Amino acid sequence: MTNNKFFACYFNMLPYGIELIWNLFILTDMDDCEAQNDEIMALKSILEETQIHVRNSTASEIVGCIYVKPDVPENFIVEANKDGKMQQFAVHHLCPIELHFSIPVNYPTVNPPNFTLVCKWLRRDQLSKLCQKLDNKWEDESKGQVVLFEWMQFLQYEALQFLEIQSSLDLSWSYLLVKPTRLSSSLSERQHSPVAASVHRPIIKLDSRAVSDNQCDGDLLEVLKEYERVAEQLMFVKASHTCKVCFGDKLGVTCIRFPSCNHVYCKECMRSYFEIKIAEGAVNGLHCPEDKCASQASPGQVKELVSADTFARYDTLLLQSTIASMTNITYCPRPQCQYPVSYEPESNLVSCPYCNFHFCLMCKATYHGVAPCKMTSAEKMKLFDNYINGDDSTRESMEKRYGKKQLKSMVNDIQAETWIGQNSKPCPHCNAPIEKKDGCNKMSCPRCNTYFCWLCLAQLDPKCPYLHFSNASARCNLFEGLVDDDADENDWININGDIDDDFSDDENFVNML
């Protein structure tokens with residue numbers, strides 16, 4: 001049969017299934033070279049471009065690789081004992097088994113393709129079993145016929161079951177102290193390795209065509225997790241989805257999926273939603289629109305949908321919001337700087353690394369050492385009220401921000417000032433606070449020795465301080481409070497009667513009498 005007749009049959013039979021196409025090679029009398037070329041061409045038409053790579057290494061030999069994605073059962077688990085702790089996660093995809101092949105000149109009439117199997121998540125003994133199985137399929141079923149498709153079908157749909165991997169894949173062997181070598185190893189090495197010691201498997205001869213590619217740069221579990229993520233994203237992009245806002249059916253490439261809840265919306269609806277939220281400043285409110293769903297859009301998703309200016313605003317507001325939620329961060333008070341600065345909670349000294357300005361944590365002025373902050377009374381009282389009346393979490397947050405020692409000192413000072421204001425009066429001459437415990441209303445300032453009346457704070461004549469209390473117009477009693485307007489003369493001090501000890505102690509007052 002000529003090539004033209006072959007391809008006419010091939011394209012006519014394509015709608016009836018791939019198996020019929022392969023039967024065509026069995027029923028057609030072609031020479032080896034023509035069969036090889038037609039087999040490769042048929043494989044390229046069946047597989048995606050990323051699943052098969054073929055090149056001619058010489059004029060007479062074809063070399064290539066088929067990336068076979070194994071069919072993973074439902075609810076399949078990957079697990080491993082890593083650092084003494086069992087880790088596991090569900091997967092729907094596994095990294096492909098690589099079938100590297102080179103086709104000899106006398107294939108398929110005499111010899112099968114030369115091949116090598118490479119896989120990250122299978123051991124060499126498992127890959128050796130697969131190599132033996134492929135050899136048997138050639139000898140028992142396909143000798144004299146093209147076989148690459150049959151091998152690919154087996155690796156895709158039957159390999160896991162053949163290796164008795166049913167519902168889980170144990171990768172603990174890859175985390176042992178001594179990993180199996182990537183290529184061949186001696187039988188004695190295999191017998192004394194931790195793999196053989198920990199897993200009681202019958203020792204089999206390792207095939208040189210079996211390559212366990214577990215010498216990867218990263219953690220094998222992490223490699224499989226990343227492959228799962230990429231594969232799921234590719235499937236999402238190719239599939240069709242219904243937007244939960246506009247209810248339109250859209251291809252995955254025009255949709256986004258929220259990370260944790262997997263709710264899907266079209267990009268047009270989410271672009272408008274994000275722009276409104278960012279304009280309102282609600283950068284922490286870019287939640288999934290589904291009712292009671294707390295899933296948050298990632299910055300990468302936001303950047304993909306909104307304009308550069310809108311994203312810059314989102315990024316700035318998100319940074320400010322994040323910094324504001326941190327308890328040991330403040331901003332440089334210089335208007336031209338405003339750089340976020342970290343500080344030690346037990347010190348008032350804060351140094352801006354951007355402009356080298358050293359300032360006080362509490363008052364934001366230039367650092368003044370142990371001298372008290374020049375805060376207004378209203379600012380101090382507001383801070384005092386928040387600390388005294390706040391709950392435990394509020395006080396703890398303030399202590400982290402201003403320092404527990406500094407807050408305690410400020411509270412003590414304000415409480416002392418409040419007590420002094422309630423229980424003392426200022427000297428009318430020097431303003432020194434004077435406390436009265438008992439005795440008469442004639443007071444003497446210990447700082448400036450000024451005499452004054454406790455009731456009206458009038459300065460008294462140092463030569464005759466008691467004269468103020470004998471004057472009816474002053475309305476001040478020596479031992480009591482202010483005199484009522486209707487008080488009679490008996491309420492006043494009787495200068496001719498008995499004299500209190502305070503009077504007798506003052507010679508000037510006696511002389512005045």
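The values are calculated or read from the model by the stated rules, or taken from the named source; none is laboratory data. Predicted, not measured: the structure shown is a model, and the values here were computed from it. Quick reminder, even Gly has a Cβ in these numbers, built from the backbone with ideal geometry, and neighbours come from all protein chains shown. We work out accessible area using only protein heavy atoms, side chains counted, and drop any ligands, DNA or RNA first. Shrake-Rupley method; radii C 1.70, N 1.55, O 1.52, S 1.80 Å.
When S321, S325 are screened for being at pLDDT below 85 and loosely packed, with under 12 Cβ neighbours inside 10 Å, only S325 passes.
Scanning the stretch 118-154 for residues that are under 29 Å from I77 (Cβ atoms), assigned to a helix (DSSP H, G or I) and of a type outside the set (A, V, I, L, M) returns R124, D125, Q126, S128, K129, C131, Q132, K133, W151, Q153, F154.
Cβ-Cβ distance below 6 Å, separation of 6 or more or different chains: which pairs start in the stretch 271-287 with a residue that is closer than 18 Å to T322 by Cα and end on one that is crowded, with 18+ Cβ neighbours inside 10 Å and of a type in the set (S, T, Y)? If the second residue must be crowded, with 18+ Cβ neighbours inside 10 Å and of a type in the set (S, T, Y), the pairs left are I278/Y314; V283/Y314. May I ask you to list the residues in the stretch 76-90 that are over 22 Å from C119 (Cβ atoms) and either without any contact (Cβ under 8 Å) to a residue 12 or more places away in the chain or in contact with a Ser or Thr (Cβ under 7 Å, 6 or more places away or on another chain) (or both)? Once the filter is applied, which keeps residues that are over 22 Å from C119 (Cβ atoms) and either without any contact (Cβ under 8 Å) to a residue 12 or more places away in the chain or in contact with a Ser or Thr (Cβ under 7 Å, 6 or more places away or on another chain) (or both), the stretch 76-90 yields G84, K85, M86. Applying the criterion of being among the hydrophobic types (A, V, I, L, M, F, W, C) and assigned to a strand (DSSP E or B) to the residues of the stretch 238-264, the residue that is farthest from S298 (Cα to Cα) is L251.
Say we look at the stretch 87-111 and pick out the residues that are assigned to a loop (DSSP other than H, G, I, E, B) and closer than 25 Å to D219 by Cβ; which of these is most open to solvent (accessible area, probe 1.4 Å)? Checking each candidate, the answer is H92.
Scanning the stretch 24-44 turns up at least one residue that is at pLDDT 90 or above, under 30 Å from E232 (Cβ atoms) and open to solvent by 30 Å² or more (accessible area, probe 1.4 Å). Of all residues assigned to the stretch 217-238, at least one qualifies as being over 30 Å from Q126 (Cβ atoms) and either at pLDDT 90 or above or within 28 Å of the chain's Cα centre (by Cα) (or both). Annotation: F452 fulfils all but one of (1) at pLDDT 85 or above; (2) loosely packed, with under 15 Cβ neighbours inside 10 Å; (3) not in a loop (DSSP other than H, G, I, E, B); the unmet one is (2). For the stretch 265-284, the condition of being assigned to a loop (DSSP other than H, G, I, E, B), modelled with pLDDT of 90 or more and either in contact with an Asp or Glu (Cβ under 8 Å, 6 or more places away or on another chain) or surrounded by 13 or more Cβ atoms within 10 Å (Cβ to Cβ) (or both) holds for none of the residues. Here R182 meets each of (1) at pLDDT below 60; (2) out of contact with any strand residue (DSSP E or B) (no Cβ under 8 Å at 6 or more places or on another chain) with one exception, condition (2). Highlighted here are the helices (runs of 4 or more DSSP H) found entirely within the stretch 320-438 that include at least 3 residues which are over 29 Å from N284 (Cβ atoms) and more than 32 Å from the chain's Cα centre (by Cα): 377-389, 404-423.
Each row is one residue, and each column tells you yes or no for (1) small (G, A, S); (2) under 39 Å from the mean Cα position of the chain (by Cα); (3) open to solvent by less than 10 Å² (accessible area, probe 1.4 Å).
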position: E79; (1), (2), (3): no, yes, no
position: K85; (1), (2), (3): no, yes, no
position: L117; (1), (2), (3): no, no, yes
position: L122; (1), (2), (3): no, yes, yes
position: K133; (1), (2), (3): no, no, no
position: Q156; (1), (2), (3): no, yes, no
position: I165; (1), (2), (3): no, yes, no
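Selection of first residues in the stretch 401-415 that are closer than 19 Å to K374 by Cβ and of second residues that are open to solvent by 90 Å² or more (accessible area, probe 1.4 Å), restricted to Cβ pairs under 6 Å at least 6 apart or on distinct chains, gives the following pairs, ordered by first then second residue: G403/E346. Checking the stated criteria, G64 turns out not to satisfy the condition of being modelled with pLDDT under 90 and small (G, A, S). Would you mind stating whether V370 is over 30 Å from D461 (Cα atoms), of a type in the set (A, V, I, L, M) and surrounded by 14 or more Cβ atoms within 10 Å (Cβ to Cβ)? So V370 does not fit the description; no. Consider the stretch 45-70 and keep the residues that are open to solvent by less than 90 Å² (accessible area, probe 1.4 Å) and either aromatic (F, W, Y) or assigned to a loop (DSSP other than H, G, I, E, B) (or both). The one that is nearest to S172 (Cα to Cα) is P70.
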